[in-house]
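The values are calculated or read from the model by the stated rules, or taken from the named source; none is laboratory data. Please read these numbers as outputs of a predicted model, since none were measured by experiment. Here the Cβ positions follow ideal geometry from the backbone for every residue, glycine too, while neighbour counts run over all protein chains shown.
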Amino acid sequence: MALFVSGLSHRNAPVELREQLAVDEDKLRELLRDIAAAGVVREVIILSTCNRVEVYAVADVPGEARATTFRRLCRHRGVEPSSVEAALYTYTEGDAVRHAFRVASSLDSMVIGEPQILGQVKDAFALAQSCEAVGPALHSLFTQAFAVAKKVRTETEIARHAVSVSFAAVELAKKIFAGLEGKAVLLVGAGKMSELAARHLVEQGAFPVYVTNRTWARAQEMARTLSGTAVPFDELSTALAAVEIVITSTGAPEPLIGRDMVQRVMHGRRGRPLFFIDIAVPRDVDGAVGSLDDVYCYDIDDLKQVVDANLRERVREAHRAEALIDREVGKFLARQGDVEVIPTIVSLRERLEAIRAGEVKRTLARLPGAPPETREAIEALSTAIVNKILHAPITKLRESSRAGSPRSWLDLVHELFGLTRR
Amino acid sequence: MHQTLLTVAIIGYVVATGLALAYLVQREELLHRLASLATLTAWVLHTVALLTLAFNLGRPPLASMPEAVSVAVWVVVVLEMWIERRSGLSVLGAFVLPVAVVFSMQSTPTRSLIGPTLSGAWLWVHIGLALVGIAALVLNFAGAVMYLLQEHQLRTKRPGTFYYSLPALATLDRLTYRTLALGFPFLTTGLILGVLWAGTAWGSVFTFDPLALSSYVAWAVYAATLAGRATGGWHGRRAAYFAIVGFAVLMLTLGAGLFLPGKHGG
């Protein structure tokens, strides 16, 4: 019986291949049932996202199970098996455990630390469970993978820093204002991206939201969607005086907001900082504005630069996460190994104890006049012999399980002592 | 006895400084915990050392410049630990502890701070209050340095270590303001007592004493900053620059006390 994971991902398979193999939920149920019916796997979970298709399984003959599983998968999706075969990777035992932990922790993702993958793994697990394809081995592997993913998230900063332009803007705002509660936002121009950034800010407590636009109807519409207030376009500088964060995204060919305008606005603010997020190209805010005291002005390139720095930061954190995962894999295997050998140790003890008890009983029956001390001595002697004999095989079993290869030893012990499998 | 304890305490501060700086760069929670532990341990040893010294001398350990500076360091560390715990400003130690270590390193032989004519409870109060004020202003300085570093990061738009490890500008500005608001009254009261004392003991308020003169200048800088803040406009970068200037003058003051002849030098 062995655990393996086999599949393909964004790392080694082009998107054309991945999308051919990707399976939706209904088809997945069908496929899981089909694979279970083939009788080659004891347990199976299939993870299918746009970046990976992977089979996690426990089987007596992993090679055969893998081949059968993927043949069925290819047949379901109408893909030529030979085209898939080349891109497949397979991990077994400890490496499979590590892979499961890395995937759930988003270390194997295209954007390291992205949060969706954990949900996708959980869904795949739940789906396989509902198809009764999950047994004790995959159950403990996946529940542990969820725990490890959570640990990675809380103990490293892998997912801490924003990797999208709109979230990077929110992060910058927080680095300027600390909390965003009660910070007023002004949207100049009404694009999808500025709406998204405004939504993120509002989620963090920013309030109220003002919207201005050359087209009054458009301003009103956007104000409605954001539960904000529309402001006439010619009152732009009045609005600037009232807010802390400005998001600009108009299609104007020339900057709308110049240095003089902002300087006048800043005069009445008694040093309250003003943060411009200029996502318009060409820019809406004159570059010189950023040189004013207490004014911070980020254009789209600046924001991308922050995103790049954040990505590098995630890679740095990923190294720490890998070390954490190494430790977790070790712990998991040790626990797992013990779980595997414990039934055998118990039945081995029971078997020898039964022999000992039987023999002691027979001996004592032949010594009816023996004083209590003699009886006790016989009990103690026999127990000591049994314990001495058991010591070496039990130690060996525990060691082999920690080393990750208890199977041959388990078989040997069963064979030698005539134990029956439970 | 107290000298050994003090040496061990200073070594403890050095270790804590190293750990705090490592935490600033690495952002590893374990480093922060170790730094906090080292700081607390060193501070406890420092406390015992000061108590032992006071007991041996039979008076507060404030009469010579090294003694006074040691007490100032003790107050600085207390404030650092307190503010860090209260505000969750985990990188504060990296900016405060190096100053504490530099202070601790001053190794001039013991010079009496107080001339033979001077003694009495008011004098201890004068020195003690001034030292608490100076300690708070060390934190004011640390806050200002952190503010300028973070502001620089945000202006150059290239996030580096400080961008990630330092808190928000608003938080740092609040820290510099609060430490100034805390330190200034102590410094003021301490100075007033000193002036009154000078009037009675030296015969004149305006005798030439380098430490006294330099401390008036420092006081004026801090007073101007506080006034500027209160009446609006002065905050952020400008306030941070003033905090650094004020601190520089304060260092001159202590330097004057340590190295220049004068009434404080005895």
Item to check | Selection from region A:74-112 of residues that are among the small types (Gly, Ala, Ser) and modelled with pLDDT of 90 or more | outcome: A:96, A:100, A:104, A:105, A:106, A:109
Checklist entry - In the set A:299, A:260, A:293, which member is in the same structural domain as residue A:177 (by TED's automatic domain parsing) and either farther than 21 Å from residue A:184 by Cα or free of Cβ contacts under 8 Å to residues at least 12 places away in the same chain (or both)? => result A:260
Checklist entry - In region A:88-133, what count of residues is obtained for those that are outside any helix (DSSP H, G or I), under 17 Å from the mean Cα position of the chain (by Cα) and among the polar types (S, T, N, Q)? => result 3
Item to check | Where residue A:329 falls short, out of the listed (1) at the interface with another protein chain (Cβ under 10 Å from one of its Cβ atoms); (2) over 18 Å from residue A:186 (Cβ atoms) | outcome: (1)
Next on the checklist: Could you tell me how many of the residues in region A:111-162 are within 27 Å of residue A:247 (Cα to Cα) and either in contact with a Leu (Cβ under 6 Å, 6 or more places away or on another chain) or among the polar types (S, T, N, Q) (or both)?
Outcome noted: 0
Checklist entry - Does region A:38-55 contain any residue that is assigned to a helix (DSSP H, G or I) and not β-branched (Val, Ile, Thr)? => result yes
Next on the checklist: Out of everything in region A:136-170 that is part of a helix (DSSP H, G or I) and within 30 Å of residue A:219 (Cα to Cα), what residue ends up being farthest from the other protein chains (Cβ to nearest Cβ)?
Outcome noted: A:166
Item to check | Yes/no for residue A:407 being in contact (Cβ under 8 Å) with a residue 24 or more places away in the chain and buried (at least 16 other Cβ atoms within 10 Å of the Cβ) | outcome: no
Item to check | Condition met for residue A:374 (part of a helix (DSSP H, G or I) and exposed (fewer than 13 other Cβ atoms within 10 Å of the Cβ)) | outcome: yes
Checklist outcome for this item: Matching residues in region A:72-89 (under 23 Å from residue A:26 (Cβ atoms) and surrounded by 15 or more Cβ atoms within 10 Å (Cβ to Cβ)) number 7
Next on the checklist: For a quick check of your reading of the model, give me the residue pairs whose first member lies in region B:153-177 and is touching a residue at least 12 places away in the same chain (Cβ under 8 Å) and more than 8 Å from chain A (Cβ to nearest Cβ), whose second is surrounded by fewer than 20 Cβ atoms within 10 Å (Cβ to Cβ) and hydroxyl-bearing (Ser, Thr, Tyr), with beta-carbon atoms closer than 8 Å and at least 6 apart or on different chains.
Outcome noted: B:175/B:87
Checklist entry - Is it true that some residue in region A:218-232 is within 21 Å of residue A:168 (Cα to Cα) and without any contact (Cβ under 8 Å) to a residue 60 or more places away in the chain? => result yes
Item to check | Wholly within region A:171-250, strands (runs of 3 or more DSSP E) carrying at least 2 residues that are under 37 Å from the mean Cα position of the chain (by Cα) | outcome: A:185-188, A:245-248
Next on the checklist: Suppose the filter is within 14 Å of chain B (Cβ to nearest Cβ), surrounded by fewer than 16 Cβ atoms within 10 Å (Cβ to Cβ) and closer than 23 Å to residue A:94 by Cα; does residue A:323 pass it?
Outcome noted: yes
Next on the checklist: Restricting to region A:331-341, name every residue that is within 13 Å of residue A:400 (Cβ to Cβ) and hydrophobic (A, V, I, L, M, F, W, C).
Outcome noted: A:333, A:334, A:341
Checklist entry - Which of the following residues is surrounded by 22 or more Cβ atoms within 10 Å (Cβ to Cβ) and in the same structural domain as residue A:177 (by TED's automatic domain parsing): A:194, A:227? => result A:194
Checklist entry - When region A:131-148 is examined, which residues are found to be hydroxyl-bearing (Ser, Thr, Tyr) and touching a residue at least 40 places away in the same chain (Cβ under 8 Å)? => result A:140
Next on the checklist: Being under 23 Å from residue B:168 (Cα atoms), away from every other protein chain (no Cβ under 12 Å) and surrounded by 14 or more Cβ atoms within 10 Å (Cβ to Cβ) is the requirement here; does residue A:289 meet it?
Outcome noted: yes
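Every residue, every condition in (1) within 14 Å of chain A (Cβ to nearest Cβ); (2) part of a helix (DSSP H, G or I); (3) crowded, with 22+ Cβ neighbours inside 10 Å; (4) touching a Gly at 6+ places or on another chain (Cβ under 6 Å), yes or no:
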| residue | (1), (2), (3), (4) |
| --- | --- |
| B:6 | no, yes, no, no |
| B:14 | no, yes, no, no |
| B:21 | no, yes, no, no |
| B:25 | yes, yes, no, no |
| B:34 | no, yes, no, no |
| B:47 | no, yes, no, no |
| B:66 | no, yes, no, no |
| B:77 | no, yes, yes, no |
| B:84 | no, yes, no, no |
Checklist entry - Is it the case that residue A:124 is touching a residue at least 60 places away in the same chain (Cβ under 8 Å) and in contact with a Lys or Arg (Cβ under 6 Å, 6 or more places away or on another chain)? => result no
Checklist outcome for this item: Every listed condition ((1) in contact with a helix residue (DSSP H, G or I) (Cβ under 9 Å, 6 or more places away or on another chain); (2) modelled with pLDDT under 95) holds for residue A:276 save (2)
Checklist outcome for this item: The number of residues in region B:238-263 that are under 24 Å from residue B:100 (Cα atoms) and within 14 Å of chain A (Cβ to nearest Cβ) is 4
Checklist entry - Of everything in region A:322-344 that's among the β-branched types (Val, Ile, Thr) and in contact with a Lys or Arg (Cβ under 8 Å, 6 or more places away or on another chain), which residue is farthest from residue A:154 (Cα to Cα)? => result A:341
Next on the checklist: Looking at the structure I just gave you, is residue A:312 crowded, with 16+ Cβ neighbours inside 10 Å, farther than 27 Å from residue A:202 by Cα and within 14 Å of chain B (Cβ to nearest Cβ)?
Outcome noted: no
Checklist outcome for this item: Those residues of region A:381-404 that are among the aliphatic types (A, V, I, L, M), surrounded by fewer than 16 Cβ atoms within 10 Å (Cβ to Cβ) and more than 30 Å from residue A:364 (Cα to Cα) come to a total of 1
